[in-house]
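Please read the structure below before turning to the comments.
The values are calculated or read from the model by the stated rules, or taken from the named source; none is laboratory data. Worth saying up front: this structure is predicted, and the values here are computed from it rather than measured. Please note: Cβ atoms are built from the backbone with ideal geometry, for glycine as well, and neighbour counts cover all protein chains shown.
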Amino acid sequence: MRYLLFGLPLIALLALVAVFAFSIDRNPSLVRSVLIDKPAPATALLEIPELGVPGFDGAALQGEVTVVNVFASWCVPCRDEHPLLVDLKQSTGVRLFGINQADAPENARAFLAELGNPYDAVGADRDRRVSIDWGVYGVPETFVVDAQGVITFKHVGPLTPEAMEGELLPAIERARG
């Protein structure tokens, strides 16, 4: 009887863990966004001085498909995914914009000088207000915006070769559709 009293809470805990384990979304990079199929936020991002590319606003996201990547120099996963963004730009020629989140301008410049700058435009989001408008949970995050300025895809977390092939490239092609 004593063993039953001690074992019952353990059995209940294991049952709860099993229920939660089977009910969570198996793909952590796929975070639902209320902005999918809605116009990109019409916010303006100032350029980072001496970077050599302009900032951008919502109007700049219209006219052709654009990949928008949220990054920061202090973000270790951003450093890991950066070579994939360089390859994406070189292999597809897709327009690539960056939102540099909560970063000092000199750190952003050093980050891109060291790893290469694949971006056609980079806007400084020093106070994270623009990131909030975009529904960013954390860095890095990547969006696909179609030629009408509508967000069609969101990837949360660092891009991997598998995510590039299986998610991002197909999303770009659908947006070009």
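Here are the numbers for this structure:
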item: Residues of segment 32-50 classified as modelled with pLDDT under 95 and farther than 20 Å from residue 129 by Cβ, total; result: 2
item: Enumeration of residues in segment 88-111 that are part of a helix (DSSP H, G or I), more than 12 Å from residue 124 (Cα to Cα) and without any contact (Cβ under 8 Å) to a residue 60 or more places away in the chain; result: 89, 90, 91, 110, 111
item: Residue 79 being free of Cβ contacts under 8 Å to residues at least 40 places away in the same chain, under 26 Å from residue 175 (Cα atoms) and buried (at least 16 other Cβ atoms within 10 Å of the Cβ); result: no
item: Filtered residue count, segment 116-129, keeping only those that are within 18 Å of residue 77 (Cα to Cα) and either touching a Cys at 6+ places or on another chain (Cβ under 9 Å) or of a type in the set (Gly, Ala, Ser) (or both); result: 1
item: Only one of 96, 61, 51 that is touching a helix residue (DSSP H, G or I) at 6+ places or on another chain (Cβ under 8 Å), closer than 25 Å to residue 170 by Cβ and surrounded by 17 or more Cβ atoms within 10 Å (Cβ to Cβ); result: 96
item: Filter result (assigned to a loop (DSSP other than H, G, I, E, B), in contact (Cβ under 8 Å) with a residue 24 or more places away in the chain and of a type in the set (Gly, Ala, Ser)) within segment 132-172; result: 135, 147, 149, 157
item: Residues satisfying the stated conditions in segment 51-87, i.e. closer than 13 Å to residue 103 by Cβ, in a loop (DSSP other than H, G, I, E, B) and at pLDDT 95 or above; result: 72, 73, 74, 75
item: Checking residue 175 against (1) assigned to a helix (DSSP H, G or I); (2) closer than 27 Å to residue 50 by Cβ; (3) in contact (Cβ under 8 Å) with a residue 12 or more places away in the chain, the condition it does not meet; result: (2)
item: Residue in segment 113-131 that is closer than 13 Å to residue 65 by Cβ, over 16 Å from the mean Cα position of the chain (by Cα) and either surrounded by 14 or more Cβ atoms within 10 Å (Cβ to Cβ) or in contact (Cβ under 8 Å) with a residue 12 or more places away in the chain (or both) present; result: yes
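Every residue, every condition in (1) farther than 23 Å from residue 36 by Cα; (2) at pLDDT 95 or above; (3) crowded, with 19+ Cβ neighbours inside 10 Å; (4) not aliphatic (A, V, I, L, M), yes or no:
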site: 109; (1), (2), (3), (4): yes, yes, yes, yes
site: 139; (1), (2), (3), (4): no, yes, yes, no
site: 143; (1), (2), (3), (4): no, yes, yes, yes
site: 146; (1), (2), (3), (4): no, yes, yes, yes
site: 153; (1), (2), (3), (4): no, yes, yes, yes
site: 162; (1), (2), (3), (4): no, yes, no, yes
site: 169; (1), (2), (3), (4): no, yes, no, no
